[in-house]
Amino acid sequence: MSVDLGSEYMKIAIVKPGVPMEIALNKESSRKTRTIVAFRDGERHFANQAYSTAVKFPKKAFGYILNVIGKRYNDTTVEVFKKRFPQYDIIEDETRGTVLFKLEDDTLYSPEELLGMILENAKESAEAFAEQPIKDAVITVPAYFHQAERRAVLSAAEMIGLNVLQLMSDNAAVALNYGVFRRKMFNSTMVYYMFFDMGATSTVVSVVGYHVVKIKEGTRLETNPQVVVKGVGYDRVLGGLEMTLRLRDHLATAFNNMKKTKTDVKTNDRAMAKLLKEADRVKHVLSANSDHYAQVEGLLEEKDFRLKVSRVELEEMCADLFARVKKPVEDALKASEITMGEISEVILMGGGTRVPKIQEHLIETIGRKDLGKSINTDEAAAMGAVYQAAFLGKGFKVKTFSVKEGNLYPIVVEFDKHVKGDDGVDAIRTVKRVLFGRMNPFPQKKVMTFNKHTEDFTFGISYGDLDFLTEEEKSVFPSLILANVSLEGVKDAQTKHGKDADSKGVKAHFRMDESGLLNLDRVESVFEKLENVNKTEESTWSKLGTAIGGLFGGKEEEKDGGVETSADQGDERKSEEGKVTDEDQKPEVETPMPESKPDDKETGKPADDKSGQEKTTESDKGDKKKDKKDKKDKKDKKDKDSKDKNIKTTSVNQDLPTLTQDKMKESVDRLKELRKIDKEKADLEKAKNSLEGYIFDMQDKMTQDLYMGCSTEAEQENMSKLFTESSDWLYETPDDTKKEAYKEKLKTLKEGMKDILMRVKEKEERPKALEALKNMLNHSEFFLGTVKNLSKINEESIFTDVEVATLEKLVNETRDWNKDALKELKTLKDNENPKILVESIAYKIHGLDREVKYLVNKAKNFKPKAKPKIVVNDTDTGPSNTTKKKPDGNSTTIDIDTTETPPTQEEVPPVEEESSEKSKNTDSATEESETTEKPSGEEEKASTPRTDL
């Protein structure tokens, strides 16, 4: 499954064997579900039911959870959230510094727990739609989510046992969905598109590139399309919700000005919730109309409200919001280093783009007349994510479409290094090395080498240069320091291996995974075994080589903290302290597709333009030789190297404390308990509905002629009394009544109706059953006659005497039973329980059918034995003749009519030994209807007539 996790709505998609990618309908048969959860009367509500609760009881319903998840209590975005939704009682988590939502009964829920409940509801909807369990999912998150926010979403999924295959940025999911259906449009030349996505709470602009590349999959190079996110610009608080809130405040002010009540409507949470709902409706209507009436019945103190609102008024309220459309577009272009002229098309995404003024400002910004509207703005992200889920999941085979997302925030590693000052005194200097730069594609692995550290040490991981962000946006990060890592065992490794090997440093293996999360996979000390060679005995050629090497730059001094990325693979500074390199075992190698070549003018032959096919040239051969040499060098180096993996790492998150195991278990148990309560509530409602439905159904049926005819007057009076008593009990019973009581009451009613329902069923089904028995008897008697008339072929018995006698006995017994049953049923009254049941009739039919089928199958599989020799030919008589030898040694030819029709069942002659003269009556459809020359003394098989039963 996939979940396009939006602030206001989420869309769910599934893929299963035999079913293509499809949007899953929720329990309300809607294609989108509100991301909201409510608590009322001891149970949870979701989707539209929770939204209704939010209007009536605003303090009990929680929405827009993504705006506060993964953030500290004193975050600026949390302050904005509290201002927008003052009805929430939000307190600080003293342990983690995050936010907690407090209910009226003093129950506290973290954002992760609330989001886990919403994801669980999505999972249940997907499972109901797919009609099977689901445990794997791809979840979309905003592209601007930082490390703490992404970890928090994963924690929410972990609480409900949902295995997240990938956290996919929603802009990448949309781009994938767009490209999947246009994969034939792309070639080796990269083409660029811009996606403008305005949702409920934020705006994200992405510049992506599509091209075709060769990707190494195993040992083969496969040619597939790829989408790369080149640049992203965003505004966290620019969205449709802000427009709705401003319209809500406008309506509230208008109501206060009407002086209908002395109470300020803005102080009443319930009234403001009603206005928010109405403002959202009016905003949507004004997207297609110039004006519309906002109206709420009983808004406050039973006073109605009605006001005409024009589109011009709404645009004046949001004028400053429309002006902010420009900046995310400029930021995305700047980050991608691509000009607007290189963009093929600007495509709209998200519900906020339906506002006409938004489109006007965007057209003005990009300097174009048209905007792309070729994708489903509501469902594109969910469909792109479910395609990725099918690609990552087991059991599905989909065409590869590679996705490379971009890292928005650069990540650096900081460590201390000892240096000698001018006065010769050791000093400590902090060194920073960029691990993942801005817009670096991921997933990707990097290795950082520390060459100068021989003692246990620590290093820090933090965000890099964030000057491209505003001060307000920088404050969103809980901390610019991500984690502190302590290493233990470095000194012990040096002591253990230092005498016999040369240290090559401490290597830290980092990985930014598909979800955009930074991982420290392992840390190890690397040593190179020393060769037992006396350096004073270097050969002349070795010394000469060293001298020549010195002429071209000499031996570079080992530096502290050099950096090598994928573009620095030719850098020879192998011993640089803090060097960052791509991991050796990089999983895939990407090469651009060759451009199409013009026709060869010299030969006159067209150039080879078949994509995906490789030609072997001299340079290719040289490359292959080089590859073999490189592999050999790596193997030799591996034989010399040794690794000490006993380096203990201790990493402590500094941006946002991770949920402890105890806290996670507590949250998991809490959600399980809530799930149990919901199930008990659902079972109770089901028991109530079953009892109520049964009472109404049976009361109606007992008035019908069929049911009245099949019941006595006493039974009718008794059941009428039971139904009335049960109905009264159902509506008078207290709310805390257990489901067992309803089930017991239903059981009593079913016991009373059992005989009546049985008689009705028997009366309806008996005629059909008797007719079926009659037909089966006729069929069996006819078959029995056939078996008796045709029991042998070529003196071979097809059926034994016991088998024939058994069938005959069964037919006779069933015929007698049927006669007795018919006599019994003639005297039976409709309101009496029958002795002859439809089930008994079906049993008799089954017995006959089983015995007949057994004999028929035996006849079908019967193979007669081969006949004795008829004649031996001394000469070749041709394929169409049979020869019979005369006493004088000459032969007489007898023609065989191979077109003769085999005898029917009624025409089958008595089976007797055939002479050679009668061979012309043999069946021409048998395997051999002709006699060919055989060696002397070899027997000839005679054909046998086929009998069809």
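The values are calculated or read from the model by the stated rules, or taken from the named source; none is laboratory data. Given the structure is predicted, the values throughout are model-derived calculations rather than measurements. Backbone-built Cβ (ideal geometry, glycine too); neighbour counts: all protein chains shown.
Regarding PHE195, is this residue assigned to a strand (DSSP E or B) and in the same structural domain as VAL229 (by TED's automatic domain parsing)?
yes
Quick check: anything in region 444-453 under 29 Å from the mean Cα position of the chain (by Cα), assigned to a strand (DSSP E or B), polar (S, T, N, Q) and in the same structural domain as ARG522 (by TED's automatic domain parsing)?
Checked region 444-453: at least one residue is under 29 Å from the mean Cα position of the chain (by Cα), assigned to a strand (DSSP E or B), polar (S, T, N, Q) and in the same structural domain as ARG522 (by TED's automatic domain parsing).
Sort out for me the helices (runs of 4 or more DSSP H) sitting completely within region 659-771 that have 3 or more residues that are among the aliphatic types (A, V, I, L, M) and out of contact with any Asp or Glu (no Cβ under 8 Å at 6 or more places or on another chain).
In region 659-771, 661-701, 713-732 are the helices (runs of 4 or more DSSP H) which contain 3 or more residues that are among the aliphatic types (A, V, I, L, M) and out of contact with any Asp or Glu (no Cβ under 8 Å at 6 or more places or on another chain).
State whether the residues of region 25-40 include one that is surrounded by fewer than 20 Cβ atoms within 10 Å (Cβ to Cβ) and over 27 Å from the mean Cα position of the chain (by Cα).
yes
Could you list, in sequence order, all residues of region 288-323 that are under 18 Å from ILE363 (Cβ atoms) and surrounded by 15 or more Cβ atoms within 10 Å (Cβ to Cβ)?
If the condition is that a residue be under 18 Å from ILE363 (Cβ atoms) and surrounded by 15 or more Cβ atoms within 10 Å (Cβ to Cβ), then ARG311, GLU315, CYS318, LEU321, PHE322 are the ones that fit.
Please go through region 670-696 and give me each residue that is surrounded by 14 or more Cβ atoms within 10 Å (Cβ to Cβ), among the hydrophobic types (A, V, I, L, M, F, W, C) and under 27 Å from MET753 (Cα atoms), ordered by number.
Correct list: LEU684, ALA687, LEU691, ILE695.
Out of the residues in region 655-669 meeting the condition of being at pLDDT 90 or above and surrounded by 16 or more Cβ atoms within 10 Å (Cβ to Cβ), tell me which one is nearest to GLU120 (Cα to Cα).
VAL668
Condition first: touching a residue at least 40 places away in the same chain (Cβ under 8 Å) and touching a Gly at 6+ places or on another chain (Cβ under 9 Å). Now tell me which residues in region 444-458 satisfy that.
The answer is MET448, THR449, PHE450, ASN451, LYS452, HIS453, THR454.
Here's the yes/no breakdown for (1) hydrophobic (A, V, I, L, M, F, W, C); (2) closer than 30 Å to GLU313 by Cα:
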site: LEU333; (1), (2): yes, no
site: ILE338; (1), (2): yes, no
site: GLU342; (1), (2): no, no
site: VAL346; (1), (2): yes, yes
site: GLY350; (1), (2): no, yes
site: ARG354; (1), (2): no, yes
site: LYS357; (1), (2): no, yes
site: LEU362; (1), (2): yes, yes
site: SER374; (1), (2): no, no
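State whether one or more residues within region 441-457 are of a type in the set (S, T, N, Q), surrounded by fewer than 17 Cβ atoms within 10 Å (Cβ to Cβ) and farther than 30 Å from PHE81 by Cα.
No: zero hits.
Which ones in region 401-421 are of a type in the set (A, V, I, L, M) and in a strand (DSSP E or B)?
If the condition is that a residue be of a type in the set (A, V, I, L, M) and in a strand (DSSP E or B), then VAL403, ILE411, VAL412, VAL413, VAL419 are the ones that fit.
Picking from LEU828, LEU746, which residue would you name as being within 56 Å of the chain's Cα centre (by Cα), within 25 Å of GLY709 (Cα to Cα) and not charged (D, E, K, R)?
Going through LEU828, LEU746 in turn, the sole match is LEU746.
Got at least one residue in region 43-57 being buried (at least 21 other Cβ atoms within 10 Å of the Cβ), at pLDDT below 95, within 32 Å of the chain's Cα centre (by Cα) and of a type in the set (Lys, Arg)?
Looking for residues that are buried (at least 21 other Cβ atoms within 10 Å of the Cβ), at pLDDT below 95, within 32 Å of the chain's Cα centre (by Cα) and of a type in the set (Lys, Arg), one finds none in region 43-57, hence no.
So ALA427 clears everything in (1) touching a Gly at 6+ places or on another chain (Cβ under 6 Å); (2) touching a residue at least 24 places away in the same chain (Cβ under 8 Å) except one condition, right? Which one?
Going through the list (1) touching a Gly at 6+ places or on another chain (Cβ under 6 Å); (2) touching a residue at least 24 places away in the same chain (Cβ under 8 Å), ALA427 breaks only (2).
With closer than 30 Å to PHE186 by Cβ and either of a type in the set (D, E, K, R) or modelled with pLDDT of 60 or more (or both) as the only criterion, which of ASP644, ASP627, ASP633 stands out?
ASP627
Does region 143-152 contain at least one residue that is touching a helix residue (DSSP H, G or I) at 6+ places or on another chain (Cβ under 6 Å) and surrounded by 22 or more Cβ atoms within 10 Å (Cβ to Cβ)?
yes
Using beta carbons and a limit of 9 Å, which pairs, at least six apart or on different chains, have the first residue in region 160-178 and among the charged types (D, E, K, R) and the second one assigned to a strand (DSSP E or B)?
Cβ pairs passing all conditions: ASP170/ASP4; ASP170/LEU5; ASP170/THR140; ASP170/VAL141; ASP170/ASP197; ASP170/VAL204; ASP170/MET349.
A quick yes/no check of all residues on (1) buried (at least 23 other Cβ atoms within 10 Å of the Cβ); (2) in the same structural domain as ASN440 (by TED's automatic domain parsing); (3) part of a helix (DSSP H, G or I):
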residue	(1), (2), (3)
VAL213	no, no, no
LYS216	no, no, no
THR223	no, no, no
VAL227	yes, no, no
VAL232	yes, no, no
ARG246	no, no, yes
THR253	no, no, yes
THR263	no, no, no
ARG270	no, no, yes
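Of the residues that sit in region 65-99 and are among the aliphatic types (A, V, I, L, M) and crowded, with 18+ Cβ neighbours inside 10 Å, which one is farthest from PHE39 (Cα to Cα)?
VAL78
Taking PHE477 as the residue in question, decide whether it is buried (at least 16 other Cβ atoms within 10 Å of the Cβ) and in contact (Cβ under 8 Å) with a residue 12 or more places away in the chain.
yes
Free of Cβ contacts under 8 Å to residues at least 40 places away in the same chain, surrounded by 16 or more Cβ atoms within 10 Å (Cβ to Cβ) and more than 18 Å from LEU482 (Cβ to Cβ): which single residue out of GLN388, GLN359 fits that description?
GLN359
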